[in-house]
1. Which percent of the Cα-Cα distances in region 89-223 go past 25 Å?
2. What ³J(HN,Hα) values, in whole Hz, does the Karplus curve 6.51 cos²θ - 1.76 cosθ + 1.60 give for region 197-205 when θ = phi - 60°, with x put for Gly and Pro?
3. How big, on average over all directions, is the shadow cast by the Cα convex hull of region 72-165, in nm²?
4. Mind jotting down the distance between the C-alpha centroids of region 88-113 and region 309-347, whole Å?
5. Return one quarter of the surface area of the convex hull spanned by the alpha-carbon atoms of region 317-380, equal to its mean projected area, in nm².
6. Restricting to bridges with both residues inside the chain, how much of the DSSP beta-bridge set is antiparallel, in percent to the nearest 5?
7. Report the normalised scattering of region 236-289 as log10 I(q)/I(0) at q = 0.14, 0.18, 0.25, 0.26 Å⁻¹, calculated by the Debye formula with identical scatterers on the alpha carbons.
8. State, as an integer percentage, the relative contact order of region 268-311 based on alpha-carbon contacts under 8 Å between residues 6 or more apart.
Amino acid sequence: MSSLPPTPRRNFLKASLVAGFPAVLSAMQSAKTLKVGLVGCGGRGSGAAAQALKADDYAELTAVADIDRDHAEQCLERLKKVNVAGERVKVEPSHIFLGLDAYQKVIDSGVDVVLLATPPGFRPYHLRACLEAGKHVFCEKPVATDAYGIRHALESAKIAREKNLSVMAGFCWRRSKHIKATFEQMKDGAIGNIAAYYATYYTSPVKPMPPASERPAGMSDVEWQIRNWYNFSYLCGDGLVEQAVHSADKIAWAMGDKPPISCVAVGGRQIPAEGGNIYDHFEVNYLYPNNVRAFLGCRQIEGCYNENSDYILGSKGTCTIGRGPSPRIAGETNWTYTGERNDMYQAEHDELFAAIRRNQPIMDIEWMTTSTLLAMMGRMAAYTGQQITWDMALNSQERLFPEHLEWSGSFTPSPMPLPGKTRFI
């Protein structure tokens, strides 16, 4: 792969005036097309594909994978209508791959970059396969749904480094200009030493579990569960790990991506659902060194108060994010973000493709696993009713995602957790 950044098509005229047309033509010829494969053609996958094609003038989407042909074809139709990306959607019918092994077919199709946007239970195994095959990866959050998957992902980081590959994490707030500027202020001491961090993620359900009566006759357990993946912890990790993990990520970021000592948590299922095994609310209390505390509350119930905010208390002031139009700091230093905003989702792909072109890999796996495990240990504490240390969480032998999963097969997920009765494994 050429390390020479391409001269974008839209800049050819400008470049020709500066360097002369022969130089521009030479740059064009040396620029290598980056073939992109998409695994998971839902809304997030479609968005990631559009952003990837927009990020690089020589990126082409050449293969997609999904469990459903309609999903894949609808995704491609949406992408073809995007002005910037449409002309570079070059997926032949033979490169629309279906089934649980479709990810491998995308990898084997000759792509350079793979976008992973399936339910996160599959994520650590798809990530490993991509890296072993020498592919750069955009990896949506979270990186796993159980500690086994976390350890698997950490091992994959070694492979990526050995092969000089980029892995971009889908923790989008890390690429947001106004949030990055706010965290830089805190890092530079604007609020002093952090004493406490309170994050909220109160919202509605992503995809409520349908009643069993809607399950088509003859549909297997596995297919029914994957089509309703958000309601099963082995596939989604629960709402804390799949959604509120964004808030856990900001906590981890503020703490320098250093792990906490331990946590306790409460949670449960307030609104009954027919099927599924996830909670609809959590409250987690993390203990960090020097008696620093972090609190994360999340709820996914319709008709309730919604909020996605961060309140950080320091020795010299406070920082508030999400309550008002811009982040602000009050105390010895008074500051409000007044700079420009960016599309943080687009920024992820802009940075990824620039890193690939420059042969300067981005490696997000380690801190991505820290953020994911931070949310996961909160789930463990709430499910079991026990105090969970970081080492306990990292070394847990619980394996939610099965070693073998067949599309037409049967699978019984773990029952709804009962604190005090559900054991930590």
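Readers should treat all values here as calculations from the given coordinates under stated rules, not as data from a laboratory. Just so it is clear, the model here is predicted, and its values are computed rather than measured. Counting neighbours? That spans all protein chains shown, and the Cβs are built from the backbone with ideal geometry, glycine included.
1. When every Cα pair of region 89-223 is considered, 49 percent fall beyond 25 Å.
2. Listing the rounded values in order: 10, 10, 10, 10, 9, 9, 8, 8, x Hz.
3. Convex hull of Cα atoms, orientation-averaged projection: 6.6 nm².
4. 42 Å
5. 7.2 nm²
6. Beta bridges within the chain, antiparallel portion: roughly 50 percent.
7. -0.44, -0.68, -1.06, -1.11
8. RCO, region 268-311: 29 percent.
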